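Take a look at the structure below.
The values are calculated or read from the model by the stated rules, or taken from the named source; none is laboratory data. Here the structure is a predicted model, which means the values were calculated and not measured. All Cβ positions, glycine included, derive from the backbone under ideal geometry; neighbour counts span all protein chains shown. For the accessible areas, the whole protein counts, side chains as well, though only heavy atoms, and no ligand, DNA or RNA atoms are used. Shrake-Rupley method; radii C 1.70, N 1.55, O 1.52, S 1.80 Å.
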Amino acid sequence: MSNFEFLKKNEIFKSFANASIEAEQALQNNAVTSIIMSRRALEIAVKWLYANDKTLEMPYQNNLSSLVHTINFKNIVNEEIRKGIVFIIKKGNSVVHTDKSVTRDETILVLKCLFAFMKLIYFNYDENYEDIKFDISKLPKSTEENLKKEKREELEKQLKEQNQKLEETLRENDELRKQLTKERERKQKSKDFKLTDLSEFETRKRFIDFDLKDAGWDFKENITKELEVNGMKNTKGIGYVDYVLFGKNGLPLAVVEAKRTSKNPHEGKQQASLYADCLEEKYGQRPFIYYTNGIENYFWDNIDYPERKVQGFHTQEELQRLINRRKARKNLDNIFINTNITDRPYQMEAIKRTCEAFEQKHRKALLVMATGTGKTRTAISLVDVLTGKDWIQNILFLADRTELIKQAEKNFVKMLPDLSCCNLLNSKDNPEASRVIFSTYQTMINAIDKTKSEGGKNLFTQGYFDLIIVDEAHRSIYKKYQAIFDYYDSLVVGLTATPRNDVDKNTYEFFELENNVPTYAYEYQEAIDDGYLVDYHNIKTSTEFLERGIKYNKLKDEEKEQIEELLENDEETPEEIESSAINTWLFNKDTIKKILETLMTKGLKVEGGDKLRKNNNFCKKS
């Protein structure tokens, strides 16, 4: 019997039921094969979810990592199970391209994480759900055989080919989607789902160990477990730190307190702070603080910032950079603004307000500036100030369109020629050797997992960027691209002319600000009053077609045929279509042509009248 036998009771689970059973049975061959096949079973199940739950929409990329990081997926799959999913993905990725052996215990944890996810699917979508538990005694005995790298990669290739054929069978069935979604929503309201398989403290500590290794930490070189410290406020004056992370100079960079609870990692906060006190007393350097329950991780520098939730652990290099910055960075009260970049009073004020916000321990700032007032120039000047004061080193510039990225890179190169730049979309430059990275959201999501350093490790780790600049910040910071901002631990500056305060898309809430109170605002009317912009005026144009509508009996025969083709699904062709209903009924090429001709004739021109000026409704005053 298999731990995954329950999936075979329902025909709709057939595709990933067999894959899960095969992953478990593969343990008798070797642990590596079982892990690789577990990741395959996970991918099939995740894609089944996207095909069968109507709240899930396939994102721009259908790779496994992208699918499990969408907002709607997170709403369906709780944090603890999702942590196990990420563990399967990362563990699977790590074993494919190496010769390193893995233990039976590691493989069992992968299978338990897979079981927890399959159990959730069973609970959500099967009306005959019965509670089940993972039974280690059902697992087959495993051999000590270690699969060679070439065989691992060949297995991975074979499984991908099988998956592609299988995915073709996961066609969307609208009626089934409605039924399954309704069943899941009903089950979620009941809150009867009990997860016990990942709740043991030892399981959670394995997550912590794996996350530390994933960030490049080595338990033989720079991590000490259960380190004894003196000076604790207890009867013995002694304490034992769960983990201490050391720098290359032998000084402590961070303490990690692993709390023995499945609910609240904050209970370890004060204990971790006392450990940091003891280490600071001994080494003369105050370490940063992590406290975690293995599922949620919090990072706290109780010198500079309040605690904040993070995805995992910073690398040794990143923590050392943060430690060094405590002494190196200079106060932002008195700053020098290069007037060759920004010389307008409102631009300088925007930079000063942002610096004030950062000095006051805010990590996000929102600049609301009218189109045409130089938001990108302001951002460039801000980067110049912050790099000069040693606040930032690596910068990410994000926008949702390729053209915006090209324009921004061109301006940065022109105005800050000493700052190396790299456009991830089409540049052959080495991003590892660049200080400013330019990217669209789509490219960056992909680059997080795929861009490697010269040493073969992930380049864009969670603490790699010190500042993220978000152009057109009202558009793409929500939902499917939220994962970027959840992942990176950095300062963030948003640029927009039109912030939003919708319930589900609130720009102010994203930047942790009160509604309608940005860090700095310089809006359209103010720019007009100050003489930096000129107001627009409308040019009205129309056609007889738009004003009077369509009378069928006055049309030419060929025009009647066109109308009949457009309305072929209607029982009868109307004798008259009023002007107000025209756009509802049909799309008229001549109308669009007329509007474009008016724009080209009456629009403002540049370059000797050969080119239409950009942003006709927000033109700068000459």
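Specify whether the C-alpha gyration tensor of the stretch 289-448 places it in the rounded, prolate or oblate class, a ≥ b ≥ c being the square roots of the eigenvalues: rounded for a/c under 1.5, otherwise prolate if a/b is larger than b/c and oblate if not.
oblate
Once you place label points 7 Å from the Cα toward the Cβ at Lys141 and Glu228, how far apart are they in nm?
That separation, rounded to one decimal, is 4.2 nm.
Take the solvent-accessible surface of the protein heavy atoms, probe 1.4 Å, and return the percent of it on the chain that carbon and sulfur atoms account for.
With neighbouring chains kept in place, the figure for the chain is 44 percent.
Per residue of the stretch 304-317, what does 6.51 cos²θ - 1.76 cosθ + 1.60 with θ = phi - 60° give for ³J(HN,Hα)? Whole Hz please, x for Gly and Pro, Karplus curve as stated.
10, 9, x, 5, 8, 6, 10, 6, x, 10, 6, 6, 4, 4
Express in nm, to one decimal, how much length is gained between Met348 and Asp277 on full extension, taking 0.36 nm for each residue of separation and deducting their alpha carbon distance.
21.5 nm
Could you pull out every residue, at least 5 positions away or on a different chain, whose amide H is within less than 5 Å of the one on Val310? Hs are placed 1.01 Å off N in the peptide plane, and Pro or chain starts have none.
Long-range HN contacts for Val310: Asn297, Tyr298, Phe299.
Please work out the FRET efficiency for the pair Lys220 and Glu200, using the Cβ-Cβ distance as r and a Förster radius of 30 Å; give the result to the nearest 0.05.
Efficiency, from the Cβ-Cβ distance: 0.70.
Along each of its three principal axes, how wide is the spread of alpha-carbon positions in the stretch 1-72, in whole angstrom units, largest first?
Projected onto the principal axes, the Cα atoms of the stretch 1-72 cover 38, 28, 14 Å.
Which residues in the stretch 328-348 have a backbone N closer than 18 Å to a point placed 7 Å from the Cα of Asp418 along the Cα-to-Cβ line?
Zone members listed by number: 329-330, 335-342.
Using the crude model of +1 on Lys and Arg Cβ and -1 on Asp and Glu Cβ, and no other charge, please compute the dipole size for the stretch 64-154 relative to its Cα centre, in debye to 20.
320 debye
Long-range amide H contacts for Ala254: which residues qualify at under 5 Å (H placed 1.01 Å from N, peptide plane, sequence gap of 5 or more or a different chain)?
Leu245, Phe288
If I take R0 = 45 Å and measure r between the Cβ atoms of Leu555 and Asp174 in this structure, what FRET efficiency does the formula 1/(1 + (r/R0)^6) give, to the nearest 0.05?
Efficiency at R0 = 45 Å is approximately 0.70.
On a full-extension model of 0.36 nm per residue, what is the gain between Val517 and Asn501, subtracting their alpha-carbon distance, rounded to one decimal in nm?
4.7 nm
Could you go through the stretch 359-369 in sequence order and give the Karplus-derived ³J(HN,Hα) for each residue, using 6.51 cos²θ - 1.76 cosθ + 1.60 with θ = phi - 60°, rounded to whole Hz, and x for Gly and Pro?
Along the stretch 359-369, the couplings run 5, 8, 6, 6, 10, 9, 9, 10, 9, 9, 9 Hz.
Roughly what would the spin-label model give for Lys148 and Lys309, points 7 Å off Cα along C-beta, in nm?
4.7 nm
Provide the per residue accessible area, probe 1.4 Å, for the chain, rounded to a whole number of square angstrom.
Roughly 52 Å² per residue, with all protein chains present.
So I have [x] 28.4; [y] 26.2; [z] 24.9, and one of them is Kirkwood radius over Cα pairs in Å calculated from this model. Which one is it?
Only one listed value fits the structure, namely [x].
Step through the residues of the stretch 95-103 one at a time and calculate ³J(HN,Hα) from phi using the Karplus curve (6.51 cos²θ - 1.76 cosθ + 1.60, θ = phi - 60°), rounding each to whole Hz and writing x for Gly and Pro.
8, 5, 9, 9, 9, 5, 7, 10, 8
Evaluate the distance, in nm, between pseudo-label points positioned 7 Å from the Cα of Asn29 and of Ser453 along their respective Cα→Cβ axes.
It works out to 3.5 nm between the two label points.
Just reorder Glu183, Glu153 by solvent-accessible area, largest first, 1.4 Å probe, all chains present.
Glu153, Glu183
When the helix-only estimate is applied to the chain (DSSP H runs of n ≥ 4, each -39,500 (n - 2.57), divided by the residue count), what is the mean residue ellipticity at 222 nm, nearest 500 deg cm²/dmol?
Helices in the chain give a 222 nm mean residue ellipticity of -13000 deg cm²/dmol.
Would you mind calculating the gained length between Lys248 and Glu403 on full extension (0.36 nm times residue separation, minus the Cα-Cα distance), in nm to one decimal?
Between Lys248 and Glu403, full extension yields 51.5 nm more.
Between Thr601 and Asp529, what is the FRET efficiency for a Förster distance of 41 Å, r being their Cβ-Cβ separation, to the nearest 0.05?
So, using R0 = 41 Å, E works out to roughly 0.85.
May I ask which of Lys112/Lys225; Lys54/Lys309; Lys112/Lys157; Lys90/Lys138 have a Cα-Cα span longer than 28 Å here?
The answer is Lys54/Lys309.
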